[in-house]
Amino acid sequence: MENDTLNPEDYLRQENPDIPAEDIIEGVPAMDTDELPPAKPEDDFEVLGVAPSLLRAISDLGFEHPMPIQKLVIPHLLTKEGDVIGLAQTGTGKTAAFGLPVLQRIDPEKNVPQALIIAPTRELCLQIAGDLADFAKYIDGLRILPVYGGSSIDSQIRSLRKGVQVIVATPGRLIDLIKRKEVKLDDVHTVILDEADEMLNMGFLDDINEILTHVPEDRKMLMFSATMPKEIAGIAKRFMKEPVEFVAGEKNEGAKNVRHIYYMVKAHDKYLALKRVADNNPDIYGIIFCRTRRETQEIADKLIADGYNADCLHGDLSQAQRDLAMKKFRDHVTQLLVATDVAARGLDVDDLTHVINYGLPDDVAVYTHRSGRTGRANKSGVSIAIIHSREKGRLRDIEKIIGKTFEYRKVPTPEHIIEKQLYNLADRLERVEVNDAEMNKYLPGVRKKLEWLSEEDLLKRVLSLEFNRLLKYYERMPDIDLNEPERKKREKREDSGRPDRRNKDRRKAEKGFERLMLSVGKANGFFPGNLMSLVNNSVQGPKPEIGRIDLFPDYTLFDVRKEDARRILDALKHVDFFGDPVRARIAPESGGSERGKGEHAPAKKRERRSETAKAPRTTKKAAKREARSAKSKQAKPQYNGNYDIFMKKHK
């Protein structure tokens with residue numbers, strides 16, 4: 001063909017003259033799938049050049065027409081030279097895009113590794129290996145081996161010695177086997193980095209560099225990623241030869257079939273908001289993403305204790321526990337999976353209805369990965385962010401990069417949730433299958449037992465049987481939404497001066513909370529982070545929710561839920577803060593807006609006030625002279641955070 005003599009840039013210019021110049025960066029041409037012509041009847045895998053044995057296998061799997069990234073990558077890998085960068089969201093068919101041509105280029109007669117696929121996690125490694133095995137089931141003699149940590153290395157070594165053609169590996173275990181001289185990569189002609197951006201996030205860059213030194217220089221290299229950070233471009237420039245960039249959609253964009261919604265609540269109401277979101281969507285099937293392993297376990301434990309069909313997935317679980325959690329979720333045995341980002345990397349599910357961000361990630365690319373798990377295969381999905389007011393800026397940053405606008409929604413009210421659940425039950429009653437032959441055996445006896453009930457009474461009892469727990473839980477629950485639009489209007493109406501601080505020393509807690517007082521404050525180097533650490537490290541069991549915190553020089557006031565107050569007071573009985581004993585008690589009712597009023601004022605405050613009253617008045621000039629004198633002496637501050645206090649206490 002005439003185009004075979006062109007370099008990749010000229011070829012793309014000729015075939016796609018409308019691609020803007022800025023999309024071709026550092027000599028890497030970009031092909032946008034949005035520019036592709038509509039699918040034609042003959043536009044199938046056979047036209048792309050896929051071999052008959054592979055066509056038969058993917059036909060068994062239900063593959064009919066290639067997806068956009070597959071239309072671009074498969075012909076290039078089969079017929080052209082040059083490395084490939086594939087940018088596509090999770091769930092767009094990347095595995096088939098590189099897997100089919102790689103398998104077609106394998107020689108089953110050669111019993112040595114010919115293709116190497118590197119994945120960041122064990123779960124993704126197993127998923128890719130399983131998909132490739134499905135594709136290759138009609139190719140005799142072709143063996144695929146997943147190599148990963150957390151499994152017996154001896155069994156993997158035995159399989160390698162028998163001979164394999166394709167290795168799917170995590171970086172750490174592969175390097176271990178290379179050092180043991182059990183893996184030889186001299187005959188590898190194709191290297192694939194899948195989820196390259198996630199490998200960078202997990203710190204595998206040095207491992208990748210090490211692995212690439214063991215493969216031939218003339219190998220073909222493919223790199224697939226959902227986002228395009230600068231580091232990915234750096235890898236391409238360093239390790240790839242004349243790479244062609246294939247883009248399915250736009251760089252760093254969010255999935256098109258996903259709605260992005262946010263709820264705004266107080267930080268200590270996030271879990272309550274999560275439960276309301278779940279209750280308001282009776283048929284929810286989703287992943288709840290948390291920032292830490294500890295938070296993931298705690299949220300999952302709370303949901304299970306509250307009667308939700310939930311499970312957790314994080315790095316502190318054993319491999320057997322993680323495998324079981326993922327299997328239950330894939331099989332729809334579990335409705336909600338609470339997970340960390342890393343642990344969920346290998347979980348590939350196509351029919352998620354919701355992705356819930358219990359905490360927004362620091363990296364926008366992580367949010368893109370999360371939201372891309374729903375809205376797959378032309379289905380619609382919802383990505384929900386439960387945030388507090390301080391996370392609003394991060395939300396706007398995500399909007400700018402993914403090119404989507406988050407919709408503000410009020411947290412569902414108890415009345416709305418109960419109505420939604422009742423209608424859902426009515427729908428289930430309408431659709432339930434009735435086995436008349438079997439039911440007729442028991443209907444006469446049941447009818448006789450319930451004949452004294454009217455139709456309305458019977459209906460009420462059926463509904464109550466299902467909803468007594470929900471009705472009781474929401475009976476007196478308040479509205480926890482921050483009412484953002486109304487809050488903005490209220491702030492505009494209020495004075496634009498300094499905020500009113502007179503209520504800072506209030507002693508009465510908000511509804512549902514208890515106000516506690518600690519005997520240490522800012523003069524002791526005690527700040528909100530110290531309070532959180534002190535409580536979380538001292539209290540056994542579930543982490544208590546802490547509300548408003550007000551710090552003063554000599555004491556601290558903070559709110560906790562009433563049911564947690566006694567537990568916290570008992571846990572703080574014998575603790576100290578860098579040698580200062582910490583005395584905790586329920587804040588006395590008096591104190592009001594005048595701090596230190598009456599007998600409840602701290603001793604140091606009373607002493608300072610009495611000394612001020614006794615001190616003779618000085619003129620303004622004298623006061624200025626004293627201030628300048630004190631400044632010139634450059635006296636060392638009384639304390640410098642926790643460090644100086646700690647050092648003084650231990651001298």
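Using the Cβ of Tyr138 as centre and a radius below 13 Å, the other residues enclosed give a net charge of -1, where K and R count +1 and D and E count -1.
Summing +1 for each Lys or Arg and -1 for each Asp or Glu among the other residues whose beta-carbon sits under 11 angstrom from that of Ile192 gives 0.
If Lys and Arg each add +1 and Asp and Glu each add -1, what is the summed charge of the other residues whose beta carbon sits under 13 Å from the beta carbon of Arg469?
Neighbourhood net charge equals -2.
Across Ser59, Ser225, the residue with the most accessible area heads the list, and the full order at a 1.4 Å probe is Ser59, Ser225. Computing FRET efficiency as 1/(1 + (r/R0)^6) for Lys441 and Asp397, where r is the C-beta to C-beta distance and R0 is 60 Å, gives about 0.40.
Stretched out straight at 0.36 nm per residue, the stretch from Lys511 to Arg390 would grow longer than its current Cα-Cα span by 41.3 nm. Each Cα pair under 8 Å and six or more residues apart adds its separation to the average, and for segment 521-570 the resulting relative contact order is 39 percent. In order along segment 571-578, the Karplus-derived 3J(HN,Hα) couplings, from 6.51 cos²θ - 1.76 cosθ + 1.60 at θ = phi - 60°, round to 6, 9, 5, 10, 9, 9, 10, 6 Hz, and Gly and Pro are given as x.
Applying the Karplus relation 6.51 cos²θ - 1.76 cosθ + 1.60 with θ = phi - 60° to segment 349-360 yields 3J(HN,Hα) values of 10, 8, 10, 5, 8, 9, 10, 10, 8, 5, x, 5 Hz, where x marks Gly and Pro. Modelled this way, with points 7 Å down the Cα-to-C-beta line, the labels at Glu242 and Glu109 are 2.9 nm from one another. Applied to segment 436-448, the Karplus parametrisation 6.51 cos²θ - 1.76 cosθ + 1.60 on θ = phi - 60° returns per-residue 3J(HN,Hα) values of 4, 4, 6, 5, 4, 5, 9, 4, x, x, 5, 4, 5 Hz, with x for Gly and Pro. Counting 0.36 nm for each residue step from Glu430 to Lys328 and taking away their Cα separation leaves a gain of 33.9 nm. Using a cut-off of 24 Å between Cα atoms, the listed pairs Lys275/Lys472; Lys266/Lys410; Lys230/Lys379; Lys302/Lys392; Lys71/Lys220 include Lys230/Lys379; Lys302/Lys392 as exceeding that distance. Rg and Dmax of segment 364-437, both derived from C-alpha coordinates alone, stand at 18.5, 62 Å. Working from the Cα coordinates of segment 68-165, the gyration tensor eigenvalues give, after taking √(5λ), semi-axes of 24, 17, 11 Å in decreasing order. Taken over segment 403-449, the alpha-carbon convex hull comes to 118 cubic angstrom per residue.
Express the relative contact order of segment 273-391 as a whole percentage, based on alpha carbon pairs under 8 Å and six or more residues apart in sequence.
It rounds to 30 percent for segment 273-391.
When you filter the GluC sites (Glu not before Pro) in segment 508-586 for DSSP loop state and at most 14 other Cβ atoms inside 10 Å of their Cβ, you are left with Glu510. Accessible area per residue (1.4 Å probe, heavy atoms of protein chains only) ranks Arg390, Arg143 as Arg390, Arg143, with the largest value leading.
Need the full-extension length gain, Glu407 to Glu81, defined as separation in residues times 0.36 nm minus the C-alpha distance. One decimal, nm. Can you show the working numbers first?
Details: separation 326, 0.36 × 326 = 117.36 nm, distance 4.53 nm.
Separation in residues times 0.36 nm, less the Cα-Cα distance, equals 112.8 nm.
The values are calculated or read from the model by the stated rules, or taken from the named source; none is laboratory data. In this text, all values refer to a predicted model and were calculated from it rather than measured experimentally. Don't worry about glycine lacking a Cβ; one is built from the backbone with ideal geometry, like all the others, and counts go over all protein chains shown. Surface accessibility is based on the protein's heavy atoms, side chains included, excluding ligands, DNA and RNA. Shrake-Rupley method; radii C 1.70, N 1.55, O 1.52, S 1.80 Å.
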